[in-house]
Amino acid sequence: FGYVLGQDIYTPADITIAAPQPTDHPWAGWFYGGVYLQRAVDDRVFDHFELHIGVIGPTAFADDVQELIHDWFNADNPAGWNNQLPDEFGIDFTYRRKWKFTLLGENNGDLTIEAIPQAGLTVGNVHRNVGGDLTLRAGVHLPRDFGPGRLEDVIAATNDDKPNDWGMYGFARAGGRYVDHDEFIEGSNNRGTPGVAEEPWVGELQ
């Protein structure tokens with residue numbers, strides 16, 4: 001069980017333009033908190049449940065944070081925050097399941113190869129998508145977890161039974177998702193705000 005606190009900042013590619021840019025990413029801030037619950041079954045199946053609740057718009061203070069950081073580093077001044085999405089309550093629920101299969105070795109110091117497929121979905125008024133991926137990792141003394149996480153994918157933390165010896169591994173991941181709604185691309189759920197059409201199919205290679 002754990003807690004999440006985050007602030008996401010979204011801008012067009014050129015942040016020096018003050019006028020609206022109707023063909024690019026809308027200006028938006030997303031400030032949210034949340035909780036997650038993880039469980040593992042027999043070190044082979046992993047479930048992740050996560051709930052985010054927050055606010056989109058000026059109340060997220062994305063403009064203040066970005067302007068402060070850009071001042072610190074003498075970077076370009078973000079000029080278009082007057083065009084950001086308006087205040088709106090946001091809520092998302094995410095569920096992911098991972099499976100782990102040993103393809104080679106027994107993780108006892110010899111080369112071990114694991115396959116870790118994942119499937120999941122997010123539903124809410126901020127994001128709606130469904131997708132999956134496959135991670136392959138190979139190494140020695142692999143950690144007894146469910147593979148590396150991402151910036152917004154809390155790493156599997158249910159099992160702290162680590163190998164006693166040093167270890168190392170490499171990994172590759174490929175997958176994709178179908179996007180039904182992304183407020184930070186399409187624009188506010190309230191009509192009349194800037195936004196562009198989503199690409200419904202999104203691929204990923206890492």
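The values are calculated or read from the model by the stated rules, or taken from the named source; none is laboratory data. These figures come from a predicted structure and were not determined experimentally. Backbone-built Cβ (ideal geometry, glycine too); neighbour counts: all protein chains shown. Ligands, DNA and RNA are stripped out before the accessible areas are found, and what is left, the full protein with its side chains, is counted by its heavy atoms. Shrake-Rupley method; radii C 1.70, N 1.55, O 1.52, S 1.80 Å.
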Complete set of residues in the range 183-195 that are within 18 Å of Gly29 (Cβ to Cβ) and either open to solvent by 40 Å² or more (accessible area, probe 1.4 Å) or part of a loop (DSSP other than H, G, I, E, B) (or both):
Ile185, Glu186, Gly187, Ser188, Asn189, Asn190, Thr193, Pro194, Gly195
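Could you go through the range 33-56 and let me know if any residue there is of a type outside the set (D, E, K, R), assigned to a loop (DSSP other than H, G, I, E, B) and either touching a helix residue (DSSP H, G or I) at 6+ places or on another chain (Cβ under 8 Å) or surrounded by 14 or more Cβ atoms within 10 Å (Cβ to Cβ) (or both).
The answer is no, given that none of the residues of the range 33-56 is of a type outside the set (D, E, K, R), assigned to a loop (DSSP other than H, G, I, E, B) and either touching a helix residue (DSSP H, G or I) at 6+ places or on another chain (Cβ under 8 Å) or surrounded by 14 or more Cβ atoms within 10 Å (Cβ to Cβ) (or both).
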Which of the residues that make up the range 164-200 are modelled with pLDDT of 70 or more and either basic (Lys, Arg) or in contact with a Cys (Cβ under 9 Å, 6 or more places away or on another chain) (or both)?
Arg173, Arg177
Residue list for the range 62-85, filter: open to solvent by 70 Å² or more (accessible area, probe 1.4 Å), among the hydrophobic types (A, V, I, L, M, F, W, C) and over 25 Å from the mean Cα position of the chain (by Cα)
Trp72, Phe73
Counting only residues that are touching a His at 6+ places or on another chain (Cβ under 9 Å) and not β-branched (Val, Ile, Thr), which one in the range 100-117 is most open to solvent (accessible area, probe 1.4 Å)?
Asn108
Quickly run through the range 6-21 and pick out the residues that are aliphatic (A, V, I, L, M) and either surrounded by 10 or more Cβ atoms within 10 Å (Cβ to Cβ) or in contact with a helix residue (DSSP H, G or I) (Cβ under 7 Å, 6 or more places away or on another chain) (or both).
Ile9, Ile15, Ile17, Ala18
The condition from (1) hydrophobic (A, V, I, L, M, F, W, C); (2) without any contact (Cβ under 8 Å) to a residue 60 or more places away in the chain; (3) touching a strand residue (DSSP E or B) at 6+ places or on another chain (Cβ under 7 Å); (4) within 26 Å of Arg177 (Cα to Cα) that Ala40 misses is numbered (2)
Sort through Thr94, Thr122 and tell me the only one that's in contact (Cβ under 8 Å) with a residue 12 or more places away in the chain, in a strand (DSSP E or B), among the polar types (S, T, N, Q) and under 18 Å from Phe1 (Cα atoms).
Thr94
Only one of Asp153, Asp161 is open to solvent by less than 70 Å² (accessible area, probe 1.4 Å), modelled with pLDDT under 95 and of a type in the set (Asp, Glu). Can you tell me which?
Asp153
Please give the number of the condition Leu103 fails out of (1) under 26 Å from the mean Cα position of the chain (by Cα); (2) at pLDDT 95 or above.
(1)
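Results for (1) under 14 Å from the mean Cα position of the chain (by Cα); (2) under 22 Å from Gly132 (Cβ atoms), shown as yes or no for each residue.
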{"site": "Pro12", "(1), (2)": "no, no"}
{"site": "Ala19", "(1), (2)": "no, no"}
{"site": "His25", "(1), (2)": "no, no"}
{"site": "Gly29", "(1), (2)": "no, no"}
{"site": "Arg39", "(1), (2)": "no, yes"}
{"site": "Asp43", "(1), (2)": "no, yes"}
{"site": "Phe46", "(1), (2)": "no, yes"}
{"site": "Leu51", "(1), (2)": "yes, yes"}
